[in-house]
Amino acid sequence: MPHQFNYSGERFADIQMLRYRLDGFGQLSLKQKIYVYCLSEATLWGRDITFDQMGRHNLRIRKLLEVVTDGYAQDGEYEQVRALEVYLKRVWFSNGIHHHYGGEKFIPRFTPDFLRKAILSIAPEKLPLAPGQDVEGMMEELFPVIFDPQIEAKRTNKADGQDLVATSAVNFYEGVTQKEVEEFYASKKDSEDEEPPSWGLNSKLVKEKGEVREVTWKLHGEYGKAIAHIVYWLEKAQQVAENEQQKEVIQLLLRYYTTGDLRDFDRYSIKWVESHEGDIDFINGFIEVYDDPMALKATWEGLVEYKDRVATKRTRTISDNAQWFEDHSPVDARFKKKVVKGVTANVVCAAMLGGGEFPATAIGINLPNADWIRAKHGSKSVTIGNITDAYNKAAHGNGFKEEFVIDKETLAIIEKYGDLTDDLHTDLHECLGHGSGQLLPGTDPDALKAYANTIEEARADLFALYYIADEKLVELGLLPDNQAYKAQYYTYLMNGMMTQLTRISLGNNIEEAHMRNRALIARWVEHNEPEAVKLVKVEGKTYLEINDYQRLRTAFATLLAEVQRIKSEGDYEAAKSLVEQYAVKVEPTLHQEVLERYAKLNLAPYKGFLNPRFIPMKDGKGNIIDFLIDYYESYDQQMRRYSRDYSIL
């Protein structure tokens, strides 16, 4: 690796590609490195599953575009060719034809006539034709999906008052209505079941000949060809696992992939959350439900990680004091856990990202998601340190804060404490926020429906915002003084009110759950504490102004208490009211201003990552003796290699 690591890769559309370093990987034993490698291979084999889940035409469109861009002689049509290449890069990035964050369908900047001409120049046997289909039939099927803005317009529709299932492009449902989905899963739930499975998590719901049924994603079922490769590499990983705990975790995951039984998934999740030995861990499976409008079906994702033992001291301090934070939370005592179980927190280095975590990834994760497992067995939380570090390194000196922060004094606080408080907010959100509180007996964990994800993210963020200003963090040595939290308060609210609007096209609503959560919190406190926080004009530009940080903290406490009540009681109408009033609509004049100011900085609003490539080094007998880490594969090279080497569906 060169002495000066280059964190930035190429830029296209609204995307900046970044690289992350594997610091500390060289200190792992050979057996540990092979373990990471096998888990990484299992991670890469899930890619096609995620593509198909995000839309039933995505895989064929991706394959078509890859063939055309690889084999078409441009013949002077540079602008059209370039537009096609950018479109393909966006499809790679989003695992489909819809924006990875906003969910709106991409508008091609090349013409149907150009694409038709390009397709007809390719030998038919190289094209992804469906069985019995000719080239004209393929174009007749796929062109409306690519070019007609009304067809599959939203990946995940969350608009109130519409049939969210029928109007969403995600491939979780076929031939069913929202009402039929709700009735199907309501019939499965037993109010007496204290350990309910996550109904619908690993299946597609279809209606055939008038009958509604599930098609399960498992080894000998839907996605079985890809899952077979995942299983193969998990079995390889099991042979070189660090300890018996890890081997048992993998065995339970293999059983779940084989049976598709959600009770097996719960058994795996419990063993996984109770497994703490060793340096290496992973996530592999159908996990998060953000992409499903009904918040039932899980997108496949993968992550391989190893511990950053130095940075983990910070998160361990937090998790060791989890009971204190729960006891002193400003929520109703009925909603607090009397005994906090097994909160485990680590700072980790990502070694491989896959599926729903690639190329865009989370910076922190807290699992499992089942409320009853959290209550009885605890949770695992990770902050992904090398991803956060890459973001910070790549953003250094880009002029963003100087443009949007109100004055030099506030900017100085952010420069001094911003990175520290960002990390600490993530730690509090993941380590404690998601694991805090409890549902009241009899509350349906799916009661909040389409609003569940936004409410849950708001709950975790409010927990973090409330406690980051607490003297306890200074006492624990996590913050240097009682002024540092102001950096987080300012940047969080600036983002929620203003700067996250750079990620939304003018005229669009806020769709993504995390963005809705931040808007909800920021706008609620602005509405309820106008003397403490407001937007002001300075020399014709809009800025956030905070006049009373302590009143702001009190406001966070009040909102946290209400959001926890909503979740604990399953108050759908209150969740709907909060989200629809504060989290969805965008003020157009402010939006236009923010976009214009941001455009002058020439920055990409979205970031994603290129994975490092593990190249096994072998001795004369074919035994692996070490790994060469290649950081500098280009985006095009990596995506085409993945499509060539890890595509089976």
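In debye to the nearest 20, how big a dipole does region 313-352 give about its Cα centre with +1 on each Lys and Arg Cβ and -1 on each Asp and Glu Cβ?
100 debye
Please give the solvent-accessible surface of residue 177 in Å², to the nearest 10, using a probe radius of 1.4 Å with every protein chain present.
Counting only protein heavy atoms, residue 177 exposes about 60 Å² to solvent.
With point charges of +1 on the Cβ of Lys and Arg and -1 on the Cβ of Asp and Glu, referenced to the Cα centre of region 1-48, which listed residue (35, 7, 17) lies farthest in the positive direction of the dipole?
35
With a ≥ b ≥ c taken as the square roots of the eigenvalues of the C-alpha gyration tensor of the chain, please select rounded if a/c is under 1.5 and otherwise prolate if a/b is larger than b/c or oblate if it is not?
Here the chain falls in the rounded category.
Could you rank the peptides 134-143, 495-504 by their average count of other C-beta atoms within 10 Å per residue, with the highest value first?
So the order, starting with the most tightly packed, is 495-504, 134-143.
Could you state the number of Å between the C-alpha centres of region 1-40 and region 228-251?
So the separation of the two Cα centres works out to 23 Å.
What's the magnitude of the charge dipole for region 410-513 around its Cα centre, counting Lys and Arg as +1 and Asp and Glu as -1 at the beta-carbon? Answer in Debye, nearest 20.
With Lys and Arg at +1 and Asp and Glu at -1, about 280 debye.
Could you compute the net charge surrounding residue 597? Neighbours are other residues with a C-beta less than 9 Å from the C-beta of residue 597; K and R count +1, D and E count -1.
Cβ neighbours under 9 Å give a net charge of -1.
Using a 1.4 Å probe and ignoring any ligands, DNA or RNA, find the accessible area of residue 38 and quote it in Å² to the nearest 10.
Ignoring ligands and nucleic acids, residue 38 comes out at about 10 Å².
Percent of accessible area on region 308-409 owned by carbon and sulfur, 1.4 Å probe?
54 percent
For region 52-133, give the percent of accessible area contributed by carbon and sulfur heavy atoms, probe 1.4 Å, rounded to a whole number.
Reported share for carbon and sulfur atoms: 50 percent.
Rounded to the nearest 20 Debye, what is the dipole magnitude of region 528-648 about its Cα centre when Lys and Arg each give +1 and Asp and Glu each give -1 at the C-beta?
For region 528-648, the charge dipole is close to 440 debye.
At 1.4 Å probe size, what's the solvent-accessible area of residue 121? Round to the nearest 10 Å².
70 Å²
For the chain, what are the DSSP H helices with axial Cα length of 27 Å or more and mean Kyte-Doolittle hydropathy of at least -0.5?
Qualifying helices: 549-569.
Can you give me the accessible area per residue for the chain, using a 1.4 Å probe, in Å²?
About 41 Å² of surface per residue is accessible.
Going toward the positive end of the dipole of the chain, with +1 on Lys and Arg Cβ and -1 on Asp and Glu Cβ, which of 147, 185, 78 do you reach last?
78
Compute the signed sum of charges (Lys and Arg +1, Asp and Glu -1) over the other residues within less than 10 Å, Cβ to Cβ, of residue 91.
Neighbour charge sum, excluding residue 91 itself: +2.
Out of 172, 202, 228, whose Cα points farthest toward the positive end of the dipole of region 138-229 (charges: +1 Lys, Arg; -1 Asp, Glu; placed on Cβ)?
It is 228.
Using R₀ = 41 Å, calculate the FRET efficiency as 1/(1 + (r/R₀)^6) where r is the Cβ-Cβ separation of residue 140 and residue 11; round to 0.05.
So, using R0 = 41 Å, E works out to roughly 0.70.
In deg cm²/dmol and to the nearest 500, what is the mean residue ellipticity at 222 nm of the chain if only DSSP H runs of at least 4 residues count, each as -39500 (n - 2.57), divided by the residue total?
-14000 deg cm²/dmol
Can you tell me which of 96-109, 629-642 comes out highest on packing, and rank the rest after it, using the mean Cβ neighbours within 10 Å?
Going from most to least packed, we get 96-109, 629-642.
The values are calculated or read from the model by the stated rules, or taken from the named source; none is laboratory data. No experiment lies behind these values; they were computed from the predicted model shown. Counting neighbours? That spans all protein chains shown, and the Cβs are built from the backbone with ideal geometry, glycine included. Protein only, heavy atoms only, side chains kept; ligands, DNA and RNA dropped before computing areas. Shrake-Rupley method; radii C 1.70, N 1.55, O 1.52, S 1.80 Å.
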